[in-house]
Amino acid sequence: MDTSLVCIDVYTVNEGDTLHSIAEKYDLPVSLLMRVNGIDNPYNLQIGLRLCIPGTEDQLPAPAQQQSRGRTHRVAAGDTLYLIAKNYRIKLDDLMRANPQIDPYNLLIGTELNIPS
């Protein structure tokens, strides 16, 4: 694995979350999630804690060339910008630039996001 990791998403810990469930959601080893976020005790997660989800730039798929214009996505429970970008095969940065009005740390269910081509 490339040693130059970057935060490709930020996850806010919710009630009932465990490091294992968060790591599983992003397909990461728990040990990597702990190391990147400086967590010593995996059993003492605080609700509201923001975790860096590590990855490399090449993990995000290149934008698809044949996407139609004007698509939107309605935020659902459990959505994160990273997962939405991955689902639409676009870069996280492109999704954030297309939606400057949103708070990436507090996605609200029902918010409509512009999906760039």
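Note on segment 43-82: among residues that are of a type in the set (S, T, N, Q) and either modelled with pLDDT of 85 or more or within 22 Å of Leu107 (Cβ to Cβ) (or both), the one that is surrounded by the most Cβ atoms within 10 Å (Cβ to Cβ) is Thr80. So which residues in segment 104-114 are exposed (fewer than 10 other Cβ atoms within 10 Å of the Cβ) and under 13 Å from the mean Cα position of the chain (by Cα), if there are any at all? Answer for segment 104-114, where residues must be exposed (fewer than 10 other Cβ atoms within 10 Å of the Cβ) and under 13 Å from the mean Cα position of the chain (by Cα): just Asn106.
Select, from Val36, Val10, the only residue that is surrounded by 11 or more Cβ atoms within 10 Å (Cβ to Cβ), modelled with pLDDT under 90 and closer than 21 Å to Ile90 by Cβ. Break it down stepwise before answering.
On the way: Val36 fails: closer than 21 Å to Ile90 by Cβ.
Unique residue meeting the criteria: Val10.
The values are calculated or read from the model by the stated rules, or taken from the named source; none is laboratory data. Everything numeric here is computed off the predicted structure, so don't read it as measured data. With ideal geometry, Cβ positions are generated from the backbone for all residues, glycine too; neighbour counts draw on all protein chains shown.
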